[in-house]
Each structure stands twice: as structure tokens, then as C-alpha cells.
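What follows is calculated from the coordinates using simple rules that are stated; it is not laboratory data. These numbers come from a predicted model, not from an experiment. Every residue, glycine among them, receives a Cβ derived from its backbone with ideal geometry; neighbour counts consider all protein chains shown.
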Amino acid sequence: NAGVMQNPRHLVRRRGQEARLRCSPMKGHSHVYWYRQLPEEGLKFMVYLQKENIIDESGMPKERFSAEFPKEGPSILRIQQVVRGDSAAYFCASSPPVNRRSYEQYFGPGTRLTVT
Amino acid sequence: GDSVTQMEGPVTLSEEAFLTINCTYTATGYPSLFWYVQYPGEGLQLLLKATKADDKGSNKGFEATYRKETTSFHLEKGSVQVSDSAVYFCALSHASDDKIIFGKGTRLHILP
């Protein structure tokens, strides 16, 4: 059973470009979470999605960031007009739909975004 | 708001040494507590958890006890190995919530 997959693993963007980060949850998981890890910081929650629904986006910056989890395909975290402060590791986690508890979140390897 | 504070790293130990990584938390109510481990180039893995006061979580020789009176969840291992070299994150969550709140992580280096 494949784990949570994220791609790309490393992404370099120039200031002002768009970054698209993809997350494929574990098989059978319908809940996806995105976290951001800034240098020398712990992971910070950004958004929680179910298929076609954003459930909690309380950790998302108000501008330039968006997330989706379509009926088919991976979840996408999109950052428009990137700035140097967006450089970070972005982790995706997934959990099963039944008896969902936060300790059942399974993490992917992360995407390291570098903005030059 | 809720928060987790853990000792800063890096922590460097010799193989077979005793390990303690301190973790304290601030939270309303009765959160669940976790330790996650991140090996180089990999995602976070749940190492152990405790869901109520005085519970002891254990896995792979690591242990941590949920201490409500001191709001702590210190990670311990009696004899570390080189393969334990990784970054360790203390974390908490509430049953009614979706998010996990992490500490900043402690990098552990074990020397052969």
C-alpha cells in the first residue's frame, strides 16, 4: 500500500511565478491536510480538505494561497506570485474517512519550495 | 492559543547513551500528545502517542508519559543507536479539532 505521495519533491521558482504542489493521499483516504514548515520552525497547519470541499482553512494566508481536492486526482496547493518568504517545506497528510482522529494523519515526504 | 515547546537541538550523543528530549505544552482541556520522527529525506512518522493523563506511549524503545501536572511529555530512550539520528517533533491535538500543533523539532545526532 503506497504511502502519501507528493510531487515535486523539490521546486524552484523565481519571485512572481506560480507554484503548484501536488499530493496524492493514501489509498482509501479521503481527507487531506497541508502543513508548512518554515526554516527552523515546526510544522504549521494550513488547510484541511475533503473531496471537493474545504473544511478548515484557518491556517491559510489570506492572499495568493489556495487549495483544492477534486473528485478525481490529487490535492493541489497553489501559490500565486511567490515571494522569498514562501520558501519552505510543504507537507501533506491524509487520513481515512471513518473514525477520523488527528493521530491517524499519515504524512508525505514533503515538497521543498525555494523562491529565488 | 495552544502551543508546544521542546528543547532546542541539535542534540549529539554517543551510541548506547541515554536520551531525553524535553517537551512541554500549553493547551485548554485535555489534548492528545504525540511524538513524530522525521528521518532524512522522508516525511513525518508517528512514533508514539498518549491520549490521557498518566498514559505512557512507547515504540521502538522510546517512551513518553503524559504528565498533566507538569504539562510535559518528555521523550526517553535507554540506549540510542546511530539509526535513531533524525528530527523529533512533539505535538498535540484535540479530539474535536483537525489540526496537529507541532513543536519546532529537535535534531538528534548519534555518533558511533
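Compactness ratio of the protein assembly as shown: Cα Rg over 2.2 N^0.38 Å, N = residue count?
That works out to 1.02 for the protein assembly as shown.
Which ³J(HN,Hα) values, rounded to whole Hz and listed in residue order, are derived for the stretch A:73-87 from phi using the Karplus coefficients 6.51, -1.76 and 1.60 in 6.51 cos²θ - 1.76 cosθ + 1.60 with θ = phi - 60°, glycine and proline given as x?
Coupling constants for the stretch A:73-87: x, x, 7, 10, 9, 10, 10, 8, 6, 4, 10, 4, x, 7, 4 Hz.
Kirkwood hydrodynamic radius for the stretch B:41-100: how many Å is it when counted over pairs of different Cα atoms?
13.0 Å
What does the charge add up to near A:M5, with Lys and Arg as +1, Asp and Glu as -1, over the other residues with Cβ less than 14 Å from its Cβ?
+2
Can you give the Kirkwood hydrodynamic radius of the stretch B:13-74 from its Cα pairs, in Å with one decimal? Each step should come with its number before you reach the end.
Values: mean 1/r = 0.0787 Å⁻¹.
About 12.7 Å, per the Kirkwood formula over Cα pairs.
Could you calculate, for the stretch A:14-116, the ratio of the Cα radius of gyration to the Kirkwood radius, expressed as Rg to Rh?
0.96
Suppose we keep just the alpha-carbon trace of the stretch B:70-112; what are its Rg and Dmax in angstrom?
13.5, 44
May I ask you to work out the translational diffusion coefficient for chain B at 37 °C, viscosity 0.692 mPa s, via Stokes-Einstein with Rh from the Kirkwood sum over Cα pairs, reported in whole µm²/s? Walk me through the numbers on the way to the answer.
Values: Rh = 14.0 Å.
So the translational diffusion coefficient is about 234 µm²/s.
Hey, got the dipole for the protein assembly as shown? About the Cα centre, +1 on K and R Cβ, -1 on D and E Cβ, debye to the nearest 20? Present the calculation step by step, with values, prior to reporting the outcome.
Values: 28 positive and 24 negative charges, 153 e Å.
Roughly 740 debye for the protein assembly as shown.
In the structure shown, do any of A:K27/B:K60; B:K56/B:K104; A:K27/B:K77; A:K51/B:K52; A:K62/B:K49 have a Cα-Cα gap over 24 Å, and if so which?
Numbers: A:K27/B:K60 26 Å; B:K56/B:K104 22 Å; A:K27/B:K77 33 Å; A:K51/B:K52 32 Å; A:K62/B:K49 33 Å.
The answer is A:K27/B:K60; A:K27/B:K77; A:K51/B:K52; A:K62/B:K49.
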